[in-house]
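Q: Here it is, the structure, as structure tokens.
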Amino acid sequence: MKNYLIIGIGIYLLFKIFTMFFGSEPGRFDPVRALKSIGFESDGFDPVTEFKSELCNSSMQKVDSSKLKGKTTLLYFSAKWCPPCQQFTPILVKFQRKHRDKVEVVFISSDKSKSEMSAYIKSKRMNAFYCVDFNSPLKGALGKQFKVRGIPSVVVISPSGKVASMNGRDHIYRSQQLPDEWTQ
């Protein structure tokens, strides 16, 4: 009887830990939510400072990063050669157009050349997106900083500089609504 009690408590604790990290929906892991649940707060990420000399428009011309100030910034890691990216990009374009007064997208390319990156931007009509200069070392640094393991990936930075979600892609796939926690 004692062994069953120990096993039962163990299963209960595993369930509690699982739901703390993954939520009540299996497959919906959000590391930011998990870290916040144990009291960790992000130091913040200021897109205006981080992209000071690295931000370009869709025509690859340098632009002032202050255009990101006060807006929710979506860091979009993607590439032309990636089939899931090809499928997700039009959904993200639609989302950005719907919320253009509150949301900016910064495209961080994993393409093999600047011409592939440019062709992808044109073919998927990402002309309202900003992008990190193709030759910038910031591309790799951002991937490491946000622990991007695969593409497409969307990291959401709130206007206050907090990482609002490390898994913005799943939300955007499910809904075209802008969550309140992304705008605070």
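Q: Taking the stretch 141-181 as the search range and keeping residues that are among the basic types (Lys, Arg) and closer than 22 Å to Pro83 by Cβ, which one is least open to solvent (accessible area, probe 1.4 Å)?
A: At the first step, the residues of the stretch 141-181 found to be among the basic types (Lys, Arg) are 144, 147, 149, 162, 169, 174.
Applying the additional criterion that residues be closer than 22 Å to Pro83 by Cβ yields 149, 169, 174.
On the way: Arg149: 203, Arg169: 63, Arg174: 126 Å².
Result: Arg169.
Q: For the stretch 110-149, which positions are in contact with a helix residue (DSSP H, G or I) (Cβ under 8 Å, 6 or more places away or on another chain) and without any contact (Cβ under 8 Å) to a residue 40 or more places away in the chain?
A: Within the stretch 110-149, Asp111, Lys124, Arg125, Asn135 qualify.
Q: Quick check, is Trp182 closer than 19 Å to Leu68 by Cα and either touching a Gly at 6+ places or on another chain (Cβ under 6 Å) or modelled with pLDDT of 90 or more (or both)? Talk me through it step by step, then tell me what you get.
A: On the way: closer than 19 Å to Leu68 by Cα: yes; either touching a Gly at 6+ places or on another chain (Cβ under 6 Å) or modelled with pLDDT of 90 or more (or both): yes.
The answer is yes for Trp182.
Q: In this structure, is Gln184 polar (S, T, N, Q), in contact with a helix residue (DSSP H, G or I) (Cβ under 6 Å, 6 or more places away or on another chain), open to solvent by 30 Å² or more (accessible area, probe 1.4 Å) and in a loop (DSSP other than H, G, I, E, B)?
A: Working: polar (S, T, N, Q): yes; in contact with a helix residue (DSSP H, G or I) (Cβ under 6 Å, 6 or more places away or on another chain): no; open to solvent by 30 Å² or more (accessible area, probe 1.4 Å): yes; in a loop (DSSP other than H, G, I, E, B): yes.
It is false that Gln184 is polar (S, T, N, Q), in contact with a helix residue (DSSP H, G or I) (Cβ under 6 Å, 6 or more places away or on another chain), open to solvent by 30 Å² or more (accessible area, probe 1.4 Å) and in a loop (DSSP other than H, G, I, E, B).
Q: Could you grab me the full set of residues in the stretch 87-120 that are farther than 25 Å from Arg149 by Cβ and open to solvent by 50 Å² or more (accessible area, probe 1.4 Å)?
A: Residues of the stretch 87-120 that are farther than 25 Å from Arg149 by Cβ, as a first pass: 94, 97-102, 115, 118-119.
Listed by number, the residues that qualify are Lys94, Arg97, Lys98, Arg100, Asp101, Lys102, Ser115.
Q: Do the conditions hold for Leu138, that is, is it under 14 Å from the mean Cα position of the chain (by Cα) and either surrounded by fewer than 19 Cβ atoms within 10 Å (Cβ to Cβ) or at pLDDT 95 or above (or both)? Walk me through it before giving the result.
A: Details: under 14 Å from the mean Cα position of the chain (by Cα): no; either surrounded by fewer than 19 Cβ atoms within 10 Å (Cβ to Cβ) or at pLDDT 95 or above (or both): yes.
So Leu138 fails the test.
Q: Pick from Lys36, Lys52: which is surrounded by 13 or more Cβ atoms within 10 Å (Cβ to Cβ) and either modelled with pLDDT of 95 or more or under 28 Å from Ser175 (Cβ atoms) (or both)? Lay out the reasoning, then the answer.
A: Numbers: Lys52 fails: either modelled with pLDDT of 95 or more or under 28 Å from Ser175 (Cβ atoms) (or both).
It is Lys36.
Q: Still on this structure, please answer the following. Restricting attention to the stretch 56-71, which residues are open to solvent by less than 10 Å² (accessible area, probe 1.4 Å) and either modelled with pLDDT of 95 or more or under 16 Å from Ser110 (Cα atoms) (or both)? Write out each step before concluding.
A: Looking only at the stretch 56-71, we keep the residues that are open to solvent by less than 10 Å² (accessible area, probe 1.4 Å), and these are 56, 65, 68.
Residue satisfying the conditions is Cys56 alone.
Q: For the stretch 102-127, give me each residue that is part of a strand (DSSP E or B) and charged (D, E, K, R).
A: Let us first name the residues in the stretch 102-127 that are part of a strand (DSSP E or B), namely 103-109.
Correct list: Glu104 only.
Q: Please pick out the residue among Ser165, Ser109, Ser158 that is at pLDDT 90 or above, closer than 18 Å to Ser58 by Cβ and of a type in the set (S, T, N, Q). Let's see the steps before the verdict.
A: Values: Ser165 fails: closer than 18 Å to Ser58 by Cβ; Ser158 fails: closer than 18 Å to Ser58 by Cβ.
Sole residue among the options that is at pLDDT 90 or above, closer than 18 Å to Ser58 by Cβ and of a type in the set (S, T, N, Q): Ser109.
The values are calculated or read from the model by the stated rules, or taken from the named source; none is laboratory data. Computed from a predicted structure; not experimentally measured. Positions of Cβ are generated from backbone atoms using ideal geometry, with glycine treated the same way; all protein chains shown enter the neighbour counts. These accessible areas exclude ligands, DNA and RNA; they are computed on the full protein's heavy atoms, side chains included. Shrake-Rupley method; radii C 1.70, N 1.55, O 1.52, S 1.80 Å.
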